[in-house]
C-alpha cells in the first residue's frame, strides 16, 4: 500500500492528539529515564531530557503511523525536526535555486561588500536520512551575518529514497557549481570553506579529499567539521563506551541509522557493536589510525575498558560492508591524500559517541602536517547545534560552539 504525505499524518495526530500524544510522550519520558544516561557535567540535563523524550515520542508515533499506512516513520521525523521557520532577516539576501535537482539556499549580506567575501558551503547533519536546509536555517544565517560571508546550504537528497552514495555526489556537484561561479557571488576564490555537522561533516571531509586532485578549481581554504562521524571500523572506542546511552545519539541509534541510510533492514546490531564486521586484516592495517591507543589518556578516565578480542563474522561483514568504504569512513584515507588537505577546524563534544572520530582525525591531520584548530565542548552532546537560535530552547554550549566557529572563520 502506498504511503501518503506527511500533512495527512499531521491531521491524524491532531485529531487523536488529546489522547494519543500525552500517552506517547509519557511513554517516551519513561523510556528516557530507564534507557538513557545523563552524565554529571552535561549541559542543561532537564532540557535535554525533555527534547530526547520528544524525539522518542516522534519515532514511536512515526512507527505507528507507518503501520497504519498513513505515512512513513521518516516523514514524520523529518517534519518535526525541520523545526519552526525563523522570521525574515533584514540583513541578508536569501536566494533558492537548484543545481542538478539539488536544492541550494544562498545567504548573502545585504550591505555592499567592501572587498570580496568568503564563500562557505554547509552540509547539514541528520544521518543522511533527515535534516534539511530549513532545519539548519538559523546556523547558516548566523554564519553569513557574523562572518560577512556568502553561505551556501546544500539540501542534498535524503536516503533511503535517494540511494547511498548519492548524497556525496549531490554535495560534490553543489561544491563544483559554487567553485565555478564564485565571481557571481563576489567571493574570493582563495577563501572558500567547506563545512558541515555530524554526517554533513563526513560529507565535507570526503569532498575535501576528492578536491585535492582537482587542479582546475580554487583550492579550499579550510574545512570546518562539527562533531563529525568519520569511521565505521570501531564502535568500541572510549567515546562509544562512555556515551553509549547519552542522548541524543546513542550507540545503538548510530548503527540503526547506518542501516536506514544504506536502505537495509537492521540486523546483526550487537555483532556490529562488537566490531565483528571487520576482517582481521583490516583491523591490523588500520590499527595505526583507528585505535584507542591514539586517544589522549584524559579521555579514557570516564568508564573506558579495552575491548577483548572478537571473532570476525563474514556474514556480518557482508550485511554492512559499506561501513568500511572510504566514502563512509574517510578517516581511512591514505596519508598521500591527508597531507594535501586544507587547514582544519574540528569541534568535538565530550558527551558524544562520535567524539573520538574527531580526535582521531585531528591526530591524523596533525601527523601529516595539516594545521588544526580544535574546540572541545566539555559540556556538549551530539546534535547540540540543532537547537541553536531558538532562544530559551537553545543550549549554552551550542552558542559557545557557534561563537568559536565565527571567530575562527573571521581570522582566516
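The values are calculated or read from the model by the stated rules, or taken from the named source; none is laboratory data. Computed from a predicted structure; not experimentally measured. Reconstructed Cβ throughout: ideal geometry from the backbone, glycine too, with neighbour counts over all protein chains shown.
Condition (residue is in contact with a helix residue (DSSP H, G or I) (Cβ under 9 Å, 6 or more places away or on another chain), free of Cβ contacts under 8 Å to residues at least 40 places away in the same chain and closer than 22 Å to residue 133 by Cβ) applied to the range 216-227: is it met by at least one residue?
Within the range 216-227 (the criterion being in contact with a helix residue (DSSP H, G or I) (Cβ under 9 Å, 6 or more places away or on another chain), free of Cβ contacts under 8 Å to residues at least 40 places away in the same chain and closer than 22 Å to residue 133 by Cβ), the answer is no, since none of the residues qualifies.
Among the residues that make up the range 388-396, is at least one of them touching a strand residue (DSSP E or B) at 6+ places or on another chain (Cβ under 9 Å) and either within 18 Å of residue 295 (Cα to Cα) or surrounded by fewer than 22 Cβ atoms within 10 Å (Cβ to Cβ) (or both)?
yes
Determine which single condition residue 312 fails, assuming it passes every other condition in (1) in contact with a helix residue (DSSP H, G or I) (Cβ under 6 Å, 6 or more places away or on another chain); (2) touching a residue at least 40 places away in the same chain (Cβ under 8 Å); (3) surrounded by fewer than 22 Cβ atoms within 10 Å (Cβ to Cβ).
(2) is the only condition that residue 312 fails.
Which is in contact with a strand residue (DSSP E or B) (Cβ under 6 Å, 6 or more places away or on another chain) and under 17 Å from residue 204 (Cβ atoms), of 326, 401?
The match here is 401.
Can you pull out the residues in the range 149-178 that are closer than 21 Å to residue 112 by Cα and not in a strand (DSSP E or B)?
149, 178
Which of the residues belonging to the range 257-280 are touching a helix residue (DSSP H, G or I) at 6+ places or on another chain (Cβ under 7 Å) and under 28 Å from residue 50 (Cα atoms)?
Answer for the range 257-280, where residues must be touching a helix residue (DSSP H, G or I) at 6+ places or on another chain (Cβ under 7 Å) and under 28 Å from residue 50 (Cα atoms): 258, 266, 269, 273.
Please count how many residues of the range 45-83 are within 21 Å of residue 251 (Cα to Cα) and in a loop (DSSP other than H, G, I, E, B).
Summing the residues that are within 21 Å of residue 251 (Cα to Cα) and in a loop (DSSP other than H, G, I, E, B) in the range 45-83 gives 0.
Name every residue in the range 278-308 that is closer than 23 Å to residue 349 by Cα, in a loop (DSSP other than H, G, I, E, B) and touching a residue at least 24 places away in the same chain (Cβ under 8 Å), in order of residue number.
Listed by number, the residues that qualify are 289, 290, 291, 295, 296, 300, 302, 303, 304, 305, 307.
Name the single residue, out of those in the range 178-205 being closer than 27 Å to residue 158 by Cβ and surrounded by fewer than 23 Cβ atoms within 10 Å (Cβ to Cβ), that is nearest to the chain's Cα centre (by Cα).
179
Among the residues of the range 84-100, write down those that are within 23 Å of residue 174 (Cα to Cα) and in a loop (DSSP other than H, G, I, E, B).
100
Given the criterion within 17 Å of residue 221 (Cα to Cα) and out of contact with any strand residue (DSSP E or B) (no Cβ under 7 Å at 6 or more places or on another chain), identify the matching residue among 121, 158, 172, 191.
Residue meeting the stated conditions: 172.
For the structure I just gave you, tell me whether residue 253 is part of a helix (DSSP H, G or I), out of contact with any helix residue (DSSP H, G or I) (no Cβ under 8 Å at 6 or more places or on another chain), surrounded by fewer than 22 Cβ atoms within 10 Å (Cβ to Cβ) and assigned by TED's automatic domain parsing to the domain that holds residue 338.
Taking the combined requirement at face value, the residue satisfies it.
From the list 83, 119, pick out the single residue that is under 21 Å from the mean Cα position of the chain (by Cα) and crowded, with 21+ Cβ neighbours inside 10 Å.
Residue meeting the stated conditions: 119.
Does the range 372-387 contain any residue that is modelled with pLDDT of 95 or more, outside any strand (DSSP E or B), in contact with a strand residue (DSSP E or B) (Cβ under 7 Å, 6 or more places away or on another chain) and more than 21 Å from residue 127 (Cβ to Cβ)?
Checked the range 372-387: no residue is modelled with pLDDT of 95 or more, outside any strand (DSSP E or B), in contact with a strand residue (DSSP E or B) (Cβ under 7 Å, 6 or more places away or on another chain) and more than 21 Å from residue 127 (Cβ to Cβ).
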